[in-house]
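Student: After the structure tokens below, expect a handful of questions from me.
The numbers here are math on the coordinates, done by the rules we state, and not lab data. Because the structure is predicted, anything quoted here is derived from the model rather than measured. Note that each Cβ is placed from the backbone with ideal geometry, even for glycine, and that neighbours are counted across all protein chains shown.
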There are 2 protein chains.
Amino acid sequence: MSTPSESRARLVATARDLYASQGVGATSPRQVLAASGVGQGSLYHHFPAKHDLALAAISATVADSLSAAARELRGERPALDRLRAYLERPRDTANGCRIGRHTSDQAVMSDAVLAAEVGSYFSGLVERLTEVFVEAGLPDGAASDRAYAALAIVQGGYVLARALTDPTAMQRAVRGFVSLLTSVPEETQ
Amino acid sequence: MSTPSESRARLVATARDLYASQGVGATSPRQVLAASGVGQGSLYHHFPAKHDLALAAISATVADSLSAAARELRGERPALDRLRAYLERPRDTANGCRIGRHTSDQAVMSDAVLAAEVGSYFSGLVERLTEVFVEAGLPDGAASDRAYAALAIVQGGYVLARALTDPTAMQRAVRGFVSLLTSVPEETQ
DNA sequence: GTCTATAACATGATAGAC
DNA sequence: GTCTATCATGTTATAGAC
């Protein structure tokens, strides 16, 4: 950030897009160059190695996605309404989760720094979701389990939608989960 | 299958292992050669292109996993007991789902034949799971939604366990889901 | 059916001028 | 900070002998 150059910003933005649609391992520095219109020398000036570009792109996406989720999950409405809105929000099922997809990407998971970045996204989400279930009246242990389940529904929904090339797969999974949540008797909520 | 050679079988077995731990895109033919101990000429004799080896390996894994799941999900015990056993079965959370992980693998998803193979795995599982929920007394629509949810829990559980490098993440997600299933009043089951 | 050699190209990165 | 040129290595095959 010493010199917030235009090229650097374009490289990161382009990398984020390509990583979202192709993954990190399948995206070469050359592809980022071509798509961003920036020259070869610039890339290696700002990002000495592929790792550095990946770190900049992934951590920016993690930060954006985490703060968006935090915004959605707090608010005035009842806790379970916010949760439901979060689960039912439209998602880019064609590409899968921008962060979650990296769990199958060797280029990310074999790099301890990048893998930690992915981990921080999910531990952040687990925290937010657990808070919501605690606010809804669940004891800590049950709230935590349910937070993991809610997150798994979303991540698994992406997998199903991609595998079946059917965006409604995500909606069905969410509906199947939400219908259980809302039909549970008050005292066990 | 015209000539069931030893080399061919070893190549497929090695490819299946490497695909499970690294993905398809990140696994080069050379790596398969080295790990299998087979020579270069043999590979390209049996599998003219990388696609052909990938198809053989993926379809074998799909067939195995599907028939294992079908075996687990039918039987004498009550439907929801079988479902619960299926969800709680130990899984290789270190590597993720052997098939599900391919939904983030460009080498697989950009190849229509390989992508269809992945799709057939999930549509098969959805069918089996829907049957179980129908048997448990749910109307068709709700049974289908719940099948998608159950599958998403498993696939999402893999993603969480990998991201957090914590095998218990899968168990928590499953527990959060199963606790909802079993606390729902009889008439809505 | 298996071997060795090698081709054609992409990848990740460096060198040095401007 | 950006450019062009180039490099060593890996990848996906092909060729042709055995």
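Student: List, in order, the whole-Hz ³J(HN,Hα) value for each residue of region B:158-173 obtained from phi through the Karplus relation with A = 6.51, B = -1.76, C = 1.60 and θ = phi - 60°; use x for Gly and Pro.
Tutor: So the Karplus estimates, Gly and Pro as x, are 4, 4, 5, 4, 5, 4, 8, 6, 9, x, 6, 4, 4, 4, 5, 4 Hz.
Student: Starting from 0 in steps of 5 Å, tell me what percent of the Cα-Cα pairs of region B:22-102 lands in each bin.
Tutor: Pair shares across the bins are 3, 12, 18, 19, 15, 11, 9, 7, 5, 2, 0.
Student: Now, a different point. For helix A:6-22, what angle does its Cα long axis make with the longest principal axis of chain A, in degrees from 0 to 90 and rounded to 10?
Tutor: 50
Student: How big is the convex hull of the Cα atoms of the protein assembly as shown, per residue, in Å³?
Tutor: Dividing the Cα hull volume of the protein assembly as shown by its residues yields 151 Å³.
Student: In addition: Any chance you could give the angle, 0 to 90 degrees and rounded to 10, that helix B:112-135 forms with the longest Cα principal axis of chain B?
Tutor: Roughly 20 degrees, rounded to the nearest 10.
Student: With a Cα-only, solvent-free Debye model of region A:66-149, what are the log10 I(q)/I(0) values at q = 0.13, 0.16, 0.27 Å⁻¹?
Tutor: For the requested q values the scattering log ratios are -0.48, -0.70, -1.28.
Student: Step through the residues of region B:33-44 one at a time and calculate ³J(HN,Hα) from phi using the Karplus curve (6.51 cos²θ - 1.76 cosθ + 1.60, θ = phi - 60°), rounding each to whole Hz and writing x for Gly and Pro.
Tutor: 3J(HN,Hα) across region B:33-44, in whole Hz: 4, 4, 6, 8, x, 8, x, 4, x, 5, 4, 6.
Student: Label-to-label distances across copies for A:Q31, with labels 7 Å out along Cα→Cβ, in nm, shortest first?
Tutor: 1.6
Student: Only Cα pairs under 8 Å and at least 6 apart count here; give the relative contact order of region B:10-116 as a rounded whole percent.
Tutor: 35
Student: Shifting gears a bit: From the phi angles alone, apply the Karplus equation (6.51, -1.76, 1.60; θ = phi - 60°) to region B:93-109 and give each ³J(HN,Hα) in whole Hz, x where the residue is Gly or Pro.
Tutor: Ordered by residue, 3J(HN,Hα) equals 6, 5, 9, x, 5, 4, 9, x, 4, 5, 5, 9, 9, 4, 4, 8, 6 Hz.
Student: In cubic angstrom, how much convex hull volume per residue do the alpha carbon atoms of region A:6-188 span?
Tutor: Each residue corresponds to 114 Å³ of Cα convex hull volume.
Student: Quote the relative contact order of chain A in percent (integer), defining contacts as alpha-carbon pairs under 8 Å separated by 6+ residues.
Tutor: 21
Student: May I pose another question? What do you get for the angle between helix A:79-88 and the principal long axis of chain A? Use alpha-carbon atoms, 0 to 90 degrees, nearest ten.
Tutor: For A:79-88 against chain A, the angle is about 50 degrees.
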